[in-house]
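Taking it in order: structure first as structure tokens, then the write-up.
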Amino acid sequence: MKKIQSIRGMHDILPGESRLWQFVEETTKTVFDSFGYQQIRTPVMEQSDLFHRAIGEVTDIVEKEMYSFDDRNGDSLTLRPEGTAGVVRACIEHGLLHNQRQRLWYQGAMFRHERPQKGRYRQFYQMGVEAFGMQGPDIDLEILLMTATLWRRLGIEGAELQLNTLGTLQERALYRQQLVDYLTRHSESLDEDSKRRLTSNPLRVLDSKNTEVQQVVSDAPLLMEYLGDESRRHFEQICEGLQEAGVDYSINPQLVRGLDYYVLTVFEWVSDRLGAQGTICAGGRYDGLVEQLGGKPTPAIGFGMGLERVISLLEETPPVSMEKSADIYFVASGNTEIKAQLIANELRRDMADVHIVTNCGGGSFKSQFKKADRSGASFALILGEDELQRGVVGVKSLREDRAQKEVLINDLPNSLEGLVQ
């Protein structure tokens, strides 16, 4: 019989790894909440047309990477390859944008059929934010300050902020023609992928990874030279705000992002510790997307953060214990297992933040204490038949040299309160 395994590029997150994932997710949620962002949850599957219209027909995602299929009704459906389009669709559908400002965050699985490698999978997880209805550079700055706050809270050091502006659609159209003229004069030095993009999405040539193409691009016209006064001032105010807040950044003229809907501010947080897939978090402003998807004109900005890449940065020196699964481990023997379970249940009610694991399935005291030690618990509670008859529970420290003591069952919550942090 053929062995059934996970689909290529779609990996399991095992119990030994999930504690770090939970730390990242909970810390990120706390930061988002502290900036006034509310969670929105959208379906993992959408109509394919949503992504064709939002992302762009000539992007790699739509052309090569989407998981799309026809359902039994003949409708074309797609597993979401990114989070923004679904959030915009939900906001339009439920009337969240008309004369309103929204600060939203999301998390969940995304899907892209691409070559799996470290930090890039076919099913991957993102957390991100989307802010709607705010036109000025102050919301752009808020987004950037929020991500800087997140790295500090997570304990991630050395993340570099790269910043650029794409101007308005009109400014970019003027620049696009100048860029195409320049690249056409140097077409002999372009690879096949760049030649194809020359007629479909020439700005994507700017972030080519081909070294020969990069040499050509280094002398290409700069989009910054085609910006109007308003776009230039918008960008300058963001840079000034970052400087005053003490957030280091660099301006990267080749940073264009891969999706058609971006205008003005675009950014990436990158790390040199992730190899070729160095982007941790990326996003920008997309003022035209709401109207493009059938809503009224609405300024918007957001970003997506790849959780796998954040986890990779924290795996070497995890900020939480990867082994600990309990604060208290309950050892029981003889005919006391059921009573131990009931006592533990009462403790969980009175001590909601304390993790209590009860030994189930029997075993000698010796084997149970080995399990208690492996759980990472600070204390073991001990209930044998003798303790049960006397109405007490033994309390033994597993990490410090303390004398074991006995506590009346009814006094356990008060006695443990000061011991378990």
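The values are calculated or read from the model by the stated rules, or taken from the named source; none is laboratory data. In this text, all values refer to a predicted model and were calculated from it rather than measured experimentally. Neighbour counts are summed over all protein chains in view; Cβ atoms, including those assigned to glycine, are modelled from backbone coordinates with ideal geometry.
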- Message: Which condition from (1) modelled with pLDDT of 95 or more; (2) assigned to a helix (DSSP H, G or I); (3) acidic (D, E) is the one that E188 breaks?
- Response: (1)
- Query: Regarding L183, is this residue of a type outside the set (D, E, K, R) and under 23 Å from E236 (Cβ atoms)?
  - Reply: no
- Task: May I ask you to list the residues in segment 128-152 that are among the charged types (D, E, K, R) and surrounded by fewer than 21 Cβ atoms within 10 Å (Cβ to Cβ)?
- Result: D138, E142, R152
- Task: Hey, could you check segment 153-173 for residues that are of a type in the set (A, V, I, L, M, F, W, C) and more than 17 Å from the chain's Cα centre (by Cα) and say which is surrounded by the most Cβ atoms within 10 Å (Cβ to Cβ)?
- Result: L166
- Message: Here is a check on your reading of the model: is Y261 under 23 Å from the mean Cα position of the chain (by Cα) and crowded, with 17+ Cβ neighbours inside 10 Å?
- Response: yes
- Which condition does D193 not pass, out of (1) outside any helix (DSSP H, G or I); (2) farther than 22 Å from F267 by Cβ, if it passes all the others? (1)
- Residue set S231, S250; condition in contact with a strand residue (DSSP E or B) (Cβ under 7 Å, 6 or more places away or on another chain), surrounded by fewer than 16 Cβ atoms within 10 Å (Cβ to Cβ) and either more than 18 Å from L169 (Cα to Cα) or of a type outside the set (D, E, K, R) (or both); output residue S250
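So in segment 373-400, with the set limited to residues that are among the charged types (D, E, K, R) and assigned to a helix (DSSP H, G or I), which one is farthest from G363 (Cα to Cα)?
R390
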- Message: Please list, ordered by residue number, the helices (runs of 4 or more DSSP H) wholly in segment 1-99 having 2 or more residues that are at pLDDT 95 or above, within 25 Å of L145 (Cβ to Cβ) and in the same structural domain as G304 (by TED's automatic domain parsing).
- Response: 15-34, 84-93
- Message: Can you tell me which condition M66 does not meet? The list is (1) surrounded by 12 or more Cβ atoms within 10 Å (Cβ to Cβ); (2) more than 20 Å from the chain's Cα centre (by Cα), and all the others hold.
- Response: (2)
